[in-house]
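Peer 1: Take a look at this one; I'll ask things after.
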Amino acid sequence: MTDIYNDFSVDLDFSDAERERRWREVRWRMDHAGLDALLVWGNESKWQAGLANNRYLSGRVAPGCILFPLEGDPVIWSGFPHDVTPYGALAGGWISDTRAGQQTTRDIINTLKDRKLDKAAIGVVGFGTTRPRVITETVPYQQFAMIKDSFSQAQFIDSAWLVEQARLIKSDEEIAVLRRAGALAREMANAMYESAKVGAHEYEVYAAMLNASLSRGGEEEMNWMSSGAVPPPHGKRPPSSSRRLEAGDLIVSEYHSRYKGYLAGAEISISLGEPRKEYQEIHQVCVASQRSGIAAMQPGRPFQDAVLAFRQPIIDAGFNSVECGLHGHGLASPEFPSTMYGGKGGAWDEHAYARIPAITFQENMVFATASDVYNPNWNDSTGLMLGRTVIITADGPEEITGIPLEDDLKAV
């Protein structure tokens with residue numbers, strides 16, 4: 001990792017060339033699919049993951065609807081009237097025709113008519129409609145139904161796959177901001193090690209981690225955290241608790257850093273004092289799972305190889321997992337391709353998150369990994385979490401947080 005990614009005084013942002021690349025990538029796919037326009041909906045569900053497609057096209061945090069035509073300028077409907085002024089919340093994005101998002105359905109319909117799209121093939125894009133289908137869909141039913149009813153001769157085609165496919169392989173500029181997010185994730189880990197003291201509130205650790213990112217140019221994101229002498233094998237959703245940390249406690253945490261919308265993830269478990277033997281054994285299996293799985297994430301190899309490699313050390317130890325595997329990362333988490341459930345000793349075999357996609361690793365794909373492990377022969381209600389963020393490079397997988405796997409479960 002070069003200095004620019006660790007020098008937080010240097011702002012990394014996207015160029016006009018990156019905007020043009022994205023729009024070109026989406027439009028050739030539209031042309032290939034026979035689509036004349038896209039209607040793209042997003043909201044702020046799951047820490048803005050539901051905004052991934054909107055942000056990819058607009059360059060802004062912009063909940064609402066985007067009209068993205070095959071030819072001509074896009075339009076976005078988002079926010080309050082004061083948000084779309086030159087000084088408003090949506091200033092500075094890539095879409096100049098920005099309109100207030102209140103009572104917009106009639107304006108969307110009129111705009112489609114003005115653009116001669118009343119008989120067009122229109123792609124409907126909403127996050128959560130494609131695999132792994134673990135985030136709530138973002139297309140608003142009443143608004144979409146009214147639009148569809150107004151155009152009896154138009155075709156409305158589910159097209160979320162199209163934008164998400166364009167987002168699958170990251171550009172050099174996207175990789176740059178992801179590396180910065182990785183550096184922020186490391187700073188958050190350092191803040192966790194420093195703030196996790198006997199007597200501190202759990203929420204103080206949470207706040208220190210969040211501050212480590214925000215004070216260096218990051219954006220607010222999720223941090224699932226649990227603590228105690230026998231913490232559950234997966235962190236809880238925020239808000240963090242008010243309990244005071246005690247000697248002998250463990251903290252398990254899954255968190256994201258976010259920079260310019262792009263996510264790096266890490267899963268960390270630490271101990272306040274020397275951890276008991278059973279947790280040390282679980283930690284060894286977590287580390288073995290991570291090393292085995294990441295090593296298999298080679299360009300040109302099947303995705304399945306890595307999924308099985310993450311699972312094998314856990315199976316060999318006779319342990320089980322809550323989550324085990326890897327999932328796509330970028331403007332959202334999770335993205336396609338993703339497998340976290342299933343397998344021997346795994347959980348929820350029938351869930352969409354257990355399916356293994358038939359795809360090979362390619363350069364500039366980005367993934368978060370997870371080995372959330374417990375020993376059913378000892379205690380199936382407690383365990384540890386371990387995970388990192390990996391870029392697929394031409395030379396193989398590269399972990400970008402720089403947090404050594406051995407640092408997990410270290411006594412603080």
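Peer 1: Using the reciprocal of the averaged 1/r over all distinct C-alpha pairs, how large is the Kirkwood radius of the chain in Å?
Peer 2: Values: mean 1/r = 0.0449 Å⁻¹.
Result for the chain stands at 22.3 Å.
Peer 1: Length gain on complete extension for the stretch SER150 to HIS201, per 0.36 nm per residue less the alpha carbon to alpha carbon distance?
Peer 2: Values: separation 51, 0.36 × 51 = 18.36 nm, distance 5.54 nm.
Using 0.36 nm per residue and subtracting the Cα-Cα distance, I get 12.8 nm.
Peer 1: Run through the range 310-382 and list the chymotrypsin sites (Phe, Trp or Tyr not before Pro) located in a DSSP loop whose Cβ has at most 15 other Cβ atoms within 10 Å.
Peer 2: Numbers: sites: PHE310, PHE319, TYR341, TRP348, TYR353, PHE361, PHE367, TYR374, TRP378; in loops: PHE319, TYR341, TRP348, PHE361, TRP378.
Hits after loop and neighbour filter: TRP348, TRP378.
Peer 1: Straight-line reach from LYS236: which aspartates and glutamates fall under 19 Å, measuring Cα to Cα and dropping same-chain residues less than 8 apart?
Peer 2: GLU202, GLU204, GLU220, GLU221, GLU246, ASP249, GLU254, GLU267, GLU323, ASP372, ASP380, ASP408
Peer 1: Give the cross-link partners of LYS170 among the lysines, using a straight C-alpha distance below 26 Å as the criterion and excluding same-chain residues fewer than 8 apart.
Peer 2: Within the straight-line limit of under 26 Å, LYS170 reaches these lysines: LYS46, LYS260.
Peer 1: Ratio of the range 197-292's C-alpha Rg to 2.2 N^0.38 Å, to two decimals? Don't skip to the end; give the middle numbers.
Peer 2: Numbers: Rg = 14.1 Å, N = 96, 2.2 N^0.38 = 12.5 Å.
This ratio for the range 197-292 stands at 1.13.
Peer 1: Also, I was wondering about something else. For the chain, what does the helix formula give at 222 nm: sum of -39500 (n - 2.57) over DSSP H segments with n ≥ 4, over the residue count, nearest 500 deg cm²/dmol?
Peer 2: On the way: 11 runs with 132 residues, N = 412.
That calculation yields -10000 deg cm²/dmol at 222 nm.
Peer 1: GluC sites (Glu not before Pro) within the range 22-108: which are DSSP loop residues with at most 15 other Cβ atoms inside 10 Å? All intermediate terms of the calculation are to be shown ahead of the outcome.
Peer 2: Values: sites: GLU25, GLU44, GLU71; in loops: GLU44, GLU71.
Of the GluC sites (Glu not before Pro), the ones in loops of the range 22-108 whose Cβ has at most 15 other Cβ atoms within 10 Å are GLU44, GLU71.
Peer 1: Roughly how many Å is it from the Cα centre of the range 1-72 to that of the range 357-396, as a whole number?
Peer 2: 26
Peer 1: Hey, if you drop one equal point scatterer on each alpha-carbon of the range 351-412 and run the Debye formula without solvent, what base-10 log of I(q)/I(0) do you get at q = 0.12, 0.19, 0.20 Å⁻¹?
Peer 2: Results for the range 351-412 at q = 0.12, 0.19, 0.20 Å⁻¹ read -0.47, -0.94, -0.98.
Peer 1: Now for a different question. Assuming R0 = 45 Å, what is the FRET efficiency of LYS119 and ILE169, from their Cβ-Cβ distance, to the nearest 0.05? Intermediate values should be presented prior to the final figure.
Peer 2: Numbers: r = 34 Å, r/R0 = 0.75.
That gives a FRET efficiency of 0.85.
Peer 1: May I ask which residue of PRO132, TRP28, PRO74 lies farthest towards the positive end of the charge dipole of the range 1-141, with charges of +1 (Lys, Arg) and -1 (Asp, Glu) on Cβ and the Cα centre as origin?
Peer 2: Highest projection toward the positive end goes to PRO132.
Peer 1: Here is a follow-up. List the extent of the Cα atoms of the range 307-383 along each of their three principal axes, largest first, rounded to whole Å.
Peer 2: 40, 22, 21
Peer 1: A further question follows. Over all alpha-carbon pairs of the range 11-130, lay out the pair-distance distribution in 10 Å bins, whole %, shortest bin first.
Peer 2: With a bin width of 10 Å, the distribution comes to 13, 45, 36, 6, 0.
Peer 1: Using only the alpha carbons, work out the radius of gyration and Dmax of the range 172-407 in angstrom.
Peer 2: Cα only, the range 172-407: 16.7, 50 Å (Rg, Dmax).
Peer 1: What percent antiparallel are the DSSP beta bridges of the chain, to the nearest 5? Walk me through the intermediate numbers first.
Peer 2: Values: 49 of 62 bridges.
The answer is about 80 percent antiparallel.
Peer 1: Follow-up. Within the range 289-392, list the trypsin sites (Lys or Arg not before Pro) lying in a DSSP loop whose Cβ has at most 14 other Cβ atoms in a 10 Å radius.
Peer 2: Numbers: sites: ARG291, ARG311, LYS344, ARG355, ARG388; in loops: LYS344, ARG355, ARG388.
Here the trypsin sites (Lys or Arg not before Pro) that fit, given the DSSP loop and packing criteria, are LYS344.
Peer 1: What FRET efficiency, computed as 1/(1 + (r/R0)^6) with R0 = 41 Å and r the Cβ-Cβ distance, is obtained for ALA33 and GLU220, rounded to the nearest 0.05? Walk me through the numbers before you get to the answer.
Peer 2: Values: r = 36 Å, r/R0 = 0.87.
Using R0 = 41 Å, I get an efficiency of 0.70.
Peer 1: Please give, to one decimal in nm, the separation of the simple spin-label points placed at GLU194 and GLU398, each 7 Å out from Cα toward the Cβ.
Peer 2: 2.7
Peer 1: Let me ask something else. Check cross-link reach from LYS113 to the lysines: straight Cα distance under 25 Å, and skip same-chain residues fewer than eight apart.
Peer 2: Of all the lysines, those that pass the test against LYS113 - Cα under 25 Å, at least 8 places apart if same chain - are LYS148.
Bear in mind these aren't lab numbers, they're just calculated from the coordinates by the rules spelled out. Just so we're clear, the structure is a prediction, and the values are computed from it rather than from any experiment. Cβ sites come from the backbone with ideal geometry, for glycine too, and all protein chains shown count toward neighbours.
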